[in-house]
Structure formats: C-alpha cells, structure tokens
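See below for the structure under consideration.
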Amino acid sequence: MALSQLQTLTNPLDDQQLQRLQSALEGMSSIQLTWVGGYLAGLGSQQPQAVAAEAEMHQSITILFGSESGNARAIAGALAERAASRGFEAGLFSMDDYRIRELTKERLVLIVVSTHGEGDPPEGARDLHSYLHGKRAPRLDKLKYAVLGLGDSSYQHFCRTAKEFDNRLHELGAERLLERIDCDVDYQKPSDDWTEKALDLTKAHIPAQGPKVVPLTRAAAKIPQARYGQDNPYRARLLENQRITGRGAVGDIRHLILSIDPEAISYTPGDTLGVWFQNDPLLAGEVLSEIGLNGDARISVKGRESRLSDALLRHYELTRLHPALVRGWASLAKSDDLSEIAADQARLWEYIQQHQVIDLVNQYPARPSADEFAGLLCPLQPRLYSISSSQTEFEDEIHLTLCLLQYQAFGRNYQGGASGFLVERLGEDESLDVYLVENPCFRLPGGGDTSIIMIGAGTGVAPYRAFMQQRAVNNDKGANWLIFGNRHFHNDFLYQLEWQRYRKAGLLDRVDLAFSRDQSEKVYVQHRIHQNGAELYRWLEEGAHLYLCGASVMGGDVKQALIEVVSEQSGQSPEGAAEYLETLRRQGRFQQDLY
Amino acid sequence: MNSNVNEVERIKARSNFLRGTLEASLADNITGALAPDDAQISKFHGFYEQDDRDQRDERHDRILEPYYSLMLRARLPGGVCTPQQWLTLDEIGRTLANGTLRLTTRQTFQYHGVLKQNIKAVIQGINRVMIDSIGGCGDVNRNVLCNPNPTVSELHQEVHGWARRISEHLLPRTQAYHEIWLDGEKLAGGKEHEPIYGPTYLPRKFKTAVAVPPDNDVDLYANDLGFIAIAEAGRLQGFNVTAGGGMGATHGDTTTYPRLADELGFVKPEQVLAVAEAMVTVQRDHGNRADRRHARLKYTIDQMGVEQFRYEVASRAGVNFALPKPVSFTSQGDRYGWVEGADGQRHLTLYIESGRVVDRPEQKLMTGLREIAGIHQGDFRITPNQNLIVARVPAHQQGEIESIAEKHGLLSEGVSSIRKQGLACVALPTCPQAMAEAERYLPGLFDKVEAMAERHGIGDTDCVIRITGCPNGCARPYLAELGLVGKGPGHYNLYLGGDGKGTRLNKRYRENLGEAEVLETMDQLLEQYAADRKPGERLGDFTIRTGLVTEVKQPARDFHD
C-alpha cells in the first residue's frame, strides 16, 4: 500500500500527523518498513493509554542522534533500550525527524552524534546543528543534557560536531549532566560505560515512571532485522576485479563485482558497503622486523589471545597513523624530534597525513614489547564504498568502484590498506567480509517522472551508475543529466561505454564532461556548471533533484558554483541563492555524498 | 544517383560539399570518434579517424571506447616550408598531438594522436603560418610531390612553382573548410560550385608528382599524374606527362595490381594546368564509382586504353601532346650530408628514420630541428623518402648548423646505406588499414639485415628495402628492390626486382612469411647475391637476371603470375 493512499482510508490521524508519518517513512527500504511496522504494533499493544495521554506528555528523556554510517543510530538505540529497561520514558529520534521547537520543553536530552568528512555534521544533524548555532537559537536554561561523540581520530577534526553541540548547548544555558565523551573507532566499550553513567545520573534527576514507552530496540527484537552488520559481517565473494582506467591513467580505478545472496543483503541505489580488509602481510612483516618483534608473540585482542602478526593483519590499522600512536611512540623512542612534532597540533597533523606506521617505526627506532606496541595501535576500521550497481539489475551482485590508493615517498611505495587489499591482494573467488550501510540521504526521487542532475568527479560517479540502472529498469520517464569530471577523456572516463549506451537509448538526456588535464588550463565540473547555468537552473525550477558525489574539496567548489549559478539566474543575492539550495536540501531535492 | 555506386559516393553526395555533420561530430563530447559519415568526409579536410589498435580489446574490457584519435595530414606542395613554419608545426606537434611530427612519403607531415577537441586548434594553428590540410586525404588531388633537390636552385624553384600551382589549381573550391575550421562566413545553401570535381569529387584518391631527372625520389611512375621536367641548359622547356601509376592492391584479388604510369607526351609549361585539370575530369567522369578497389585512374586507363585516354585528355585540355623527350633516371633515394649548390649555398640532408621526428634519449631530433629552425635563414624540404633537407644555408652558417645537428645526434654517421634507403609506412598501432607492423618493425629488422650483409661481406651494399603494413602501398613497396608487404600479424609477402630507380615494379617472391622466415629468406638471398653478383649489379637487377623472379611488364596480366 502506497503511503499516499493512507489519506483516502479511514484513519485516526490528522493531516499533520499523517504528514509527519509520511515524511518519517519516506525513503525507507522494505526491511526498514517491516521493522517500523513491528515497532508500531508493539507500541500500540503495550501502551493502550498512550494515545489519550500523549497530548500532555513529554518524554522524560529524549535521545537524539545524528548518524552517517549507522553507528550513532545503533548506540542511541541501545541507549533507548536500556533507558526503557530501567523504567524511563524515552523518545528516540533521528535529529532530522525531531521537531526542533520541542527542544525548549525538554528536561533531559541525550545526544549521540558522529562527525563527518572535514569536521561536518552528518547530513541528518545539519538542521538542528545550524538552528542551535544560529540567531534563532532559544535559551535552554531548563535543559540538562549529555553528548556522546563518535569519530575517527585519524581525521583532523575528531568529534568536532559533538564538541560543537556540547559547547553550544552549554552557551545556551543548558546544564551538562555528564562530561562529553569522544569515542574513537573502537567505541563499543566507552559508549557502553558512558550510557550506564548517563542513565545513573538521570535517575537522580528524573524518577523512573515505569515503562510507558516501548523502546525501539525491544520492539525490533520481535521482527526480522538486518542479519548482518559491522560486527557480524556477511561473507561475500569477489567475482571480478577489472581495471577501468586506460593505460596511461594516473589513477588505477577498479570495477569490483562481489557475489552476494540477495536474501542476505538487500540494497538500494545510493547505499554504501562497509568492507573489512586485511593489511599487507609484507608491510606487517616489515613493521615487525623494524621494531624487532616476533610475529609469533601472543597478545590479547578484544579479550582473545592472538598472534601478533595475525593481529597486525586483521585487527589494527597499519596504513593510518593516529595522534595517540605518535605521542606514545615519541615517548617510547625517547625522541625529542618526535615529541616536538607530537606537541604541535599542526605539525602532528601534517606528520600523520604524510606518514604511515612503517615510517614512524623506521624514522624513530624504539623497542616496545608486543603488548606495548599493540596497545598503541588503532583498531582496524572497515572502509565504506558507494555501491555502483542496482540490485534490480544485478540481484546477486554488488559492484564497487574504487581507486587503488598508491604513491611513492621517502623512496618507497605506499598503498592504501583497504584498496590494496581489494585490488591487489584479494584474489578472484576469494571471500571478504562486508555489510550494508544504508544511505537514506542519497536516494533517487520517489517519482520516476522527476528529473535528476548527477554531479560527480572520479569515483563519485559510482552511485550514478546504480541510479541509471535503476531508472532504466523502472522505465522512469524523468530526464537524466550527468556532469562528470576526471583527469583525461581517454583514460579516465569511467564507464564510458555504458554512458554511451544510455545516451543512445535516449535515457541519458545530457552529459557534460570536464577533463581537467586535457588542455593547458584545468577544467573541472564546477566550470561546466557555470557554462550550463541557465539550463541547470531551469531544471531545478522545473523540479529536478540534484545530486553531488565525490571528494569533499570538489563538493565545496561545486556548491560555490551552484550558489553563483542560482544567484546569476534568479537575480538573488548569494545569500539568497545559498538559501535556495538549502531549501532544496531540506526538501530532499539536493542530496550529497561527499568524502 | 546511380544505384550502383558505393556507400562512400552516397556519403559524398549528401555531404553538401564536404560539410556533412562534422560540426555536430566535433561537439559530441561523449566519444572521441566521429559519426560514420563524417569519418569519410573528414578525410577531405585532411584528417583520418584512427584508434590505438594495441589497446582495442583491453579498453573494451575496461568499459572504455577504443582509443580514438585523429591523424591530420597537411598540404605542403613539394615539401617546402620556412623555419618560421617549422617552429609552429613543431609547437603544435608537442602541445596538441602526440609529441611527434611524422614526415611522409608524400613530402608533408602528419600529426598523430590529435584529440577530437583539439583538431580545430591544430588546423587554425597551421593556418596561422599559411599551411592548410585541404585534400590531405580523401578523393581529390593529394599533396603534390616535387623533387626537392635544391642544388640546381633556379630550375628547382621554377619546377616547384609548377607543383604549387597544380596543387592550388586542383584544390576543392568548397568553402566548407573555411567555415568549419577557420570560422569563415557560412555560405547560404546552393551557392557552392565545384567546377573541376563536381559534388561527388573523384572516385578515389589522386596523386600527382613532378620529377626533375635524373632524380626519381618522387617515384614518379607510382603517381596517377606525373610531370617530368625537361630542361635545356638549366632552362625549363616543359614536361613529359605521365598517367596511371598507382601502388594499391588487395591481397588475393588478382584484378587489383600496382601499375607504373604511361607516358602521354610532352607539353609546354603553360599547358600544365589544363592537362592536370583534364586528367582529373576524365577520371571524374570515367572512374569506377561502384567499387573503390578498382577506382584509381590506373584501372580507368586500362579500361579505356592509353590511346583513348590520351585523346580524351588532349581534347579536354585543348593541347596536342608532342612526343615525349628522352629522360633517364638514376636513383630513387636521397643523398645524405652536405652538398653545395650551383649558387654556393649549402644543403644538409638528414636521415630521419621512418620520418618520425621525435626526441629519443640517444637522438633529440625534435629539439635539434627546433634549434636549427631558430637560426636557419633558408628553408626546410621534406623529401619523398621521409627525410629532411636543411636547404639554402649560407656558407658562413654551415658550421653553426652542423654543430647543432651534431649536438643532438642528427647526423647519420655510421648508418648503413641499406637503412638510409629504407622506407616504412606508419602501420600499427594507429593505421586502420594495417595488417602487420611496419614503422615499429623496421629498426629491429634492419639491425638484423645489416648484420647479415656484414656477414656476407656486402655491408656497404646499396639497396632499396621498403616495408608496409598492408598492400595499399603508402611506402611504395612495389618499387623497392626488396619489398615486404604485411599480410597478417607478423606475416609478410616478400617482393623482389625493383631497379633502385623507381622505373620497374617488383614481383612477389614468397608469400605469407613469418618473421623468422623473412630473415631466413633474406639471408639466403644476400648470400647468393654476395657470391654471384656482377660488378656493380644491384640486388633488384640480380634477382631478375638470375630468375628468382620474372620482370613485371604488364601488371594487369603478369603481376600475379
């Protein structure tokens, strides 16, 4: 049953409630909808009085999350479940589903939020974030709150969004219930501890009233949920690994085809795939021999004993450095040089960006024990890749489009950990651990008649391939416009033959290409946006959805170009143009996937 | 239109005087290729669509279209250009093509690897120095060859003037080239007129050469139309006119064959343009438009008979052919190194392997020639053997130019005369016609042939070896003493019996030899030649005298015997 049909049925919801329900459910996959259905059923059966009481009721605890990869959502869900099991009334909301004006009525809010890209809030947290930081932000003197941040300390702006929420709420007069915690990639234990602490303190402020709200996660337990996740990944098989850049290309970009069971993984165009990888055994061996450690040494990893060499392959980051590792190593190596670097934030980041673990142990000799060394290393993190296929077209496959990260420096060759694994070390027909990360903020329009403009550079084209497959299968009538950029026409026009076929078949209405190195002056996608400004604005005015995917730097340039184009075409000020785009974004008509 | 005509004829007919949809093809940014019709029409504008055949399959696997690029061939009558022009050509080659210039057997240069988006810039670039590419390829009169020997400078200059005039007289008149490439004003429909060619141009390519005996470096008899300059006491009297030469043949099709031109008779200089035009219009009206394999003038003449053809040309041109003057050719090769002309100016002929002007670690041809062009006050002349003459150097600059040439390894000291006489066409990987390697095969093959010749004690032998990747004959293989013509990957037909002067066709000696068999056969041949040759006897003459092959006299009948 389509949501739009709800209105025609006898239903107890008023228009506003219906609208909210519709917007809450928009873009959900069938699994999600089933899940929500189960949740609502559970809610209805266990809380017969709730409807009547609701008008006056404010949850005693409101849990807000802003999630990009799903981790914050998971922690917030667990938090809600524990709150309920302790007898608190708890409301759980994604920040973009939460009615911002309610904030002034809240007494206690717990926030779980990740940080994305270059220190930006996740897509779903942006509205609340900018509302709180804007002029319209209310005083929140009655509010008590606590913030749990999620991040990856190998990025420069570790947990910046959490810090900003924390500081800003404090500025607005709210009272910290508990010090913020910034969780790194190995967040499970610290977040559990923080959750317990937060609920302990809550008890002191708000008496438990019995489980009047059924926590989401308990309801979830009753119905089928995604079987596979980050911690229990699905074992996929690599079917094909095909280079798709030409001979002379600088970038080695691969088209990978993974075999999956469609019963196990169900994905939608726009989704991303989390991939667990193993480090390069040669690199691990080199690191060990540099430090003088025996790979057979036993260490404890997550409470289990493991050979050190195995742990370096499977459990620790070897290709990304981390501030704590550099600091710790500086004191182990008793190096003044390195200590100086570690003490200077800017130099430390520069060092981290330009080096890997092998450089550190090579440049600053030290002899830690196996346990000491492992204790400094960062837990291995899965990497996320945009899926470049549609399951409607390739039911039992997932296609990925990724660039082998490799470079030379200090007289040696370097490779990215995950891309090196996927491209060079994983053989065809071998298995790898993956899990689906849904990306509800990057979705085709609900209606097939809606036109779309797809802007991307490099591997940013991946989801658009999935989009086109889906639109072709659906026989969608909406027009499709691709604006793609890369280095050279001959070598880097990813999926060229497919785009040609789509255009020949009349499915791809416009293609604008920017190959930066084919002429003396560099040309990028933002130049094509400028050149086609009038047309682009016309498409937007006629209701087209706009997508932007690729590296953050490109994303910034493109957004600036879009503001300029809208301003030129509409005669608005740049601020007005930015607001225009912002409105599109709020309406879900401007979606971004930047990394 | 006659329903019997081939597809290219239809394309020409609907092209609106060579416009086609070239502008739309250029604007199509999703492919490096041209629309199929335009890939035919573009030839008249001087460029071919090619792709890197080495990469074709691999790129398909990579979801990429073939590595398309364009090859642009200029019109440069007689191969003469100024140092200023050279500097521009060089710069365009480095910035808009694949970093090389390719000198051709038709005394012009080609750019390879030009991206579609850059083709207009290339054409505009050469236009800035007054060079165009009209009719560089296509079914029109191609670049006119002219003996570049500058030593008899006044005569050469006068003859070269005629080559230039013939080229200009036979240019298509359509404004399409100026409209599309040079942003010329668009002509309203219906105003175009091609007085010589008509709307469908010629049935096939048409090649013209002007020779100054005793040099036959232009391989005069391989051309559709030829003029042999006749001079008395250094003064130009007129030309012997020849017609119906051509190299191209198709493997396995004995109705196709290379053919040497027939002599029609002697004409005065002022009759040259009328004769050239008449020749073109006879071919226009009588050439075969059904089958491109039989569309060259040589077949038209064999069809009509020489006498009828001569009569037709004479009456259209309004001339009477006098009896041809006796001529004698001595060589089809180049003379390397410095020579001094009658007027005291100096000329340096540089050996350019396969005509490829490129910087290599051991030899910086491109850089060296650029430096020479920077100070040179005379001109450059591309020879029909794909070499380059730095011509008209005043005596006082000889040393300076010599030292630049030496610094960059341009002087071909130690290069054997076998190698210096050799020719190879471009072939793989870019030429769409190629069946086997040629330009890339030549250096390694010659290493081995030189070693063989040394072993047989004839290291200094002077013989003409030519290699082409297909039977169409760009490097005029059927006039070589030893010709290799590509049959399939790594396989060649071997031809023997040219006379080293370009006046006798060779004949197939062995078919479909693998590379090892090629070497083995050549080794036996050189061994026999070293042992049994008469004093001064050339290899080609030797192979006929000893009956290795029989002389071809009537190619329509005896080339395929």
Legend entry - Qualifying residue in segment B:488-495 (condition: buried (at least 23 other Cβ atoms within 10 Å of the Cβ) and either touching a residue at least 40 places away in the same chain (Cβ under 8 Å) or within 20 Å of B:PRO384 (Cβ to Cβ) (or both)): yes
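From A:ALA472, A:ALA457, which residue is small (Gly, Ala, Ser) and out of contact with any helix residue (DSSP H, G or I) (no Cβ under 6 Å at 6 or more places or on another chain)?
Going through A:ALA472, A:ALA457 in turn, the sole match is A:ALA472.
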Inset, instruction - Please identify the pairs in which a residue from segment A:167-182 that is in contact (Cβ under 8 Å) with a residue 40 or more places away in the chain has its Cβ atom under 8 Å from the Cβ atom of a residue that is among the polar types (S, T, N, Q) and not in a strand (DSSP E or B), counting only partners at least 6 apart or on another chain. - result: A:LEU177/A:THR202
Legend entry - Residue among B:ASP90, B:ASP57, B:ASP51, B:ASP61 that alone is within 13 Å of chain A (Cβ to nearest Cβ) and crowded, with 18+ Cβ neighbours inside 10 Å: B:ASP51
Inset, instruction - Might you let me know whether segment B:74-87 holds any residue that is surrounded by 22 or more Cβ atoms within 10 Å (Cβ to Cβ) and within 11 Å of chain A (Cβ to nearest Cβ)? - result: no
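Residue-by-condition table, conditions (1) out of contact with any His (no Cβ under 6 Å at 6 or more places or on another chain); (2) part of a helix (DSSP H, G or I); (3) polar (S, T, N, Q):
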| site | (1), (2), (3) |
| --- | --- |
| B:SER328 | yes, no, yes |
| B:GLY374 | yes, yes, no |
| B:PRO384 | yes, no, no |
| B:ILE389 | no, no, no |
Inset, instruction - Could you tell me whether segment A:333-341 includes any residue that is surrounded by fewer than 17 Cβ atoms within 10 Å (Cβ to Cβ) and not acidic (Asp, Glu)? - result: yes
Legend entry - Candidate set: segment B:342-391, residues that are of a type in the set (Ser, Thr, Tyr) and touching a helix residue (DSSP H, G or I) at 6+ places or on another chain (Cβ under 7 Å); chosen: the one surrounded by the most Cβ atoms within 10 Å (Cβ to Cβ): B:THR383
Legend entry - helices (runs of 4 or more DSSP H) completely within segment B:1-84 that count 2 or more residues being hydrophobic (A, V, I, L, M, F, W, C): B:7-13, B:22-27, B:36-44
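If the requirement is being acidic (Asp, Glu), within 24 Å of B:PHE559 (Cα to Cα) and part of a helix (DSSP H, G or I), which of these qualifies: B:GLU511, B:GLU517, B:GLU537?
Sole residue among the options that is acidic (Asp, Glu), within 24 Å of B:PHE559 (Cα to Cα) and part of a helix (DSSP H, G or I): B:GLU517.
Wholly within segment B:200-243, which strands (runs of 3 or more DSSP E) include no fewer than the required count, namely at least 3 residues that are under 17 Å from the mean Cα position of the chain (by Cα)?
Values: elements: B:208-211, B:225-232, B:235-243.
Because the criterion is at least 3 residues that are under 17 Å from the mean Cα position of the chain (by Cα), the strands (runs of 3 or more DSSP E) in segment B:200-243 that meet it are B:208-211, B:225-232.
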Inset, instruction - Report the residue count in segment A:459-494 for those that are surrounded by 22 or more Cβ atoms within 10 Å (Cβ to Cβ), in contact with a Phe, Trp or Tyr (Cβ under 9 Å, 6 or more places away or on another chain), within 13 Å of chain B (Cβ to nearest Cβ) and outside any helix (DSSP H, G or I). - result: 6
Legend entry - Matching helices (runs of 4 or more DSSP H) fully within segment A:285-356 where at least 1 residues are aromatic (Phe, Trp, Tyr): A:323-333, A:345-354
Legend entry - Criterion: under 19 Å from B:GLY161 (Cα atoms) and surrounded by 23 or more Cβ atoms within 10 Å (Cβ to Cβ) - qualifying residue of B:VAL272, B:VAL218: B:VAL218
Legend entry - Flag if B:ASP38 is of a type in the set (D, E, K, R), within 28 Å of B:HIS193 (Cβ to Cβ) and without any contact (Cβ under 8 Å) to a residue 24 or more places away in the chain: yes
Inset, instruction - Give the number of residues within segment A:503-520 that are more than 7 Å from chain B (Cβ to nearest Cβ), surrounded by fewer than 22 Cβ atoms within 10 Å (Cβ to Cβ) and in contact with a Leu (Cβ under 8 Å, 6 or more places away or on another chain). - result: 2
Inset, instruction - Could you tell me whether any residue of segment B:313-324 is surrounded by 22 or more Cβ atoms within 10 Å (Cβ to Cβ), touching a residue at least 12 places away in the same chain (Cβ under 8 Å) and either under 22 Å from B:ALA231 (Cα atoms) or touching a Phe, Trp or Tyr at 6+ places or on another chain (Cβ under 7 Å) (or both)? - result: no
Legend entry - Qualifying position, being modelled with pLDDT under 95, within 14 Å of another protein chain (Cβ to nearest Cβ) and farther than 24 Å from B:LYS364 by Cβ, among B:ASN29, B:ASN2: B:ASN29
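Which is crowded, with 23+ Cβ neighbours inside 10 Å, under 13 Å from B:MET247 (Cα atoms) and in contact with a helix residue (DSSP H, G or I) (Cβ under 9 Å, 6 or more places away or on another chain), of B:LEU484, B:LEU505? Even if it seems obvious, please write down each step before you answer.
Numbers: B:LEU484 fails: under 13 Å from B:MET247 (Cα atoms).
Of the residues listed, the single one that is crowded, with 23+ Cβ neighbours inside 10 Å, under 13 Å from B:MET247 (Cα atoms) and in contact with a helix residue (DSSP H, G or I) (Cβ under 9 Å, 6 or more places away or on another chain) is B:LEU505.
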Legend entry - So B:GLU400, is it assigned to a helix (DSSP H, G or I) and of a type outside the set (Ser, Thr, Tyr): yes
Legend entry - Looking only at segment A:521-533, and only at residues there that are more than 30 Å from A:VAL473 (Cα to Cα) and charged (D, E, K, R), the one that is nearest to the other protein chains (Cβ to nearest Cβ): A:GLU521
Inset, instruction - Spot the failing condition for A:GLU290; the list is (1) within 14 Å of chain B (Cβ to nearest Cβ); (2) in contact with a helix residue (DSSP H, G or I) (Cβ under 7 Å, 6 or more places away or on another chain); (3) of a type in the set (Asp, Glu), and only one is missed. - result: (1)
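Can you tell which of A:SER335, A:SER300 is over 26 Å from A:LEU426 (Cβ atoms) and in contact with a Ser or Thr (Cβ under 8 Å, 6 or more places away or on another chain)? Before you say what the answer is, go through the steps one by one.
Values: A:SER335 fails: in contact with a Ser or Thr (Cβ under 8 Å, 6 or more places away or on another chain).
Answer to the check: A:SER300.
Take A:THR245 and decide whether it is touching a Lys or Arg at 6+ places or on another chain (Cβ under 9 Å), within 14 Å of another protein chain (Cβ to nearest Cβ) and not in a helix (DSSP H, G or I). Explain how you work it out, then say what you get.
Details: touching a Lys or Arg at 6+ places or on another chain (Cβ under 9 Å): yes; within 14 Å of another protein chain (Cβ to nearest Cβ): yes; not in a helix (DSSP H, G or I): yes.
Considered against the rule, which asks whether it is touching a Lys or Arg at 6+ places or on another chain (Cβ under 9 Å), within 14 Å of another protein chain (Cβ to nearest Cβ) and not in a helix (DSSP H, G or I), A:THR245 comes out as yes.
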Inset, instruction - Could you check how many residues of segment A:251-270 are in contact with a helix residue (DSSP H, G or I) (Cβ under 8 Å, 6 or more places away or on another chain) and within 27 Å of A:ILE455 (Cβ to Cβ)? - result: 7
Legend entry - Whichever residue in segment A:96-111 is over 12 Å from A:LEU140 (Cβ atoms) and acidic (Asp, Glu) and, among such residues, is surrounded by the fewest Cβ atoms within 10 Å (Cβ to Cβ): A:ASP97
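The values are calculated or read from the model by the stated rules, or taken from the named source; none is laboratory data. A quick note: this is a predicted structure, and the numbers were derived from the prediction, not measured. Virtual Cβ from ideal backbone geometry, glycine too; neighbours counted across all protein chains shown.
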